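Student: Here you go, one structure.
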Amino acid sequence: MCSEEPTASGLAADPPPGLEYHPQLLTARDEAGLLARIDGADSPWLDDLSRRVQHFGFKYDYSNRRLDESARIGPLPVWLTQLARRVRMAASQEAKCVLDAQRPFEQAIVNEYEQGQGIAPHVDRGCFGPVVATVSLGSAINMDFRCDTTGAGYVQRLEPRSLLLLFGNARSMWRHGIAKRRTDIWDSQKITRDRRVSVTFRTVTMPDIEGG
Ligand SMILES: O=C(O)CCC(=O)C(=O)O
């Protein structure tokens, strides 16, 4: 069960258990360096979805929503390994305990959201491990959460240079998504979105990899 009960507005007052938000993972200089790397010649964009993406480590197949060994691209590049290390260092003890029992982050997806783009509400598939970590670059954005069992909702504002960790109920019982719109309401203000880029790290738990 999702432990958060909805308020009259349908939004839970507290974040889903297992949602961990770190507003300042990176400096503005780190952010600029990462965006230059992502937009550089060594990181080609794929445009087979409504938004552009880059896959590292494993190429996730959005049509059958599975991973197998044939999807392996290779190790994460050094710049992503360094970012993954910072993510681990920032994680709470609770998240670290879950992460430490896992393989290292072996997969990263970079998502680009131009104004008006989003991502449909979803729960990350079981081929990925119990902690999903997203670093935000560029524009701030509202991420919407919805608990399948109680219907409770929650909105997390994702600021640039922040880190979002999802584990526990937040990872497995709540859908997360980004509405396709040009503006968000936050603190009672209408805020125009700009280009946002996110880097999401996952561990991979598919059985053929677990078995070595
Ligand atoms: O861009 C984000 O913050 C979330 C990305 C995401 O949920 C995904 O790639 O599955």
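Each reported figure results from applying straightforward, stated rules to the coordinates on display, with no laboratory input. Everything numeric in this text was worked out from a predicted model, so none of it was measured. All Cβ positions, even for glycine, are placed from backbone atoms using ideal geometry, and neighbour counts span all protein chains on display.
Student: Summing -39500 (n - 2.57) over the DSSP H runs of n ≥ 4 in the chain and dividing by its residue number, what mean residue ellipticity at 222 nm do you reach, to the nearest 500 deg cm²/dmol?
Tutor: Helix-only estimate at 222 nm: -5000 deg cm²/dmol.
Student: Kirkwood Rh over alpha-carbon pairs of the chain, then Stokes-Einstein at 4 °C and 1.567 mPa s: what D in µm² s⁻¹, rounded to an integer?
Tutor: 73
Student: If the chain between M89 and Q24 were fully stretched, how many nm would it gain, using 0.36 nm times the residue separation less the Cα-Cα distance?
Tutor: 22.1 nm
Student: Highest mean first, what order results for 22-31, 192-201 on Cβ atoms within 10 Å?
Tutor: Details: 22-31: 14.2, 192-201: 19.1.
By packing density, highest mean first, the sequence is 192-201, 22-31.
Student: Same structure again: Comparing N64, N111, N142, which has the greatest mean-square fluctuation in the GNM of the chain with Cα pairs linked when under 10 Å apart?
Tutor: Maximum fluctuation in the GNM of the chain, among the listed residues, is at N64.
Student: Let me ask something else about it. Which peptide among 162-171, 46-55 comes first, and what is the full order, when sorted by highest mean count of other Cβ atoms within 10 Å?
Tutor: In descending order of packing, they fall as 162-171, 46-55.
Student: Once label points are set 7 Å from the Cα along Cα→Cβ at both E69 and K180, what is their separation, rounded to one decimal in nm?
Tutor: So the two model labels end up 3.8 nm from each other.
Student: Go ahead and set up a Gaussian network model of the chain, Cα springs under 10 Å, then flag whichever of Y21, Y60, Y113 fluctuates most.
Tutor: Looking only at Y21, Y60, Y113, the largest GNM fluctuation is found for Y60.
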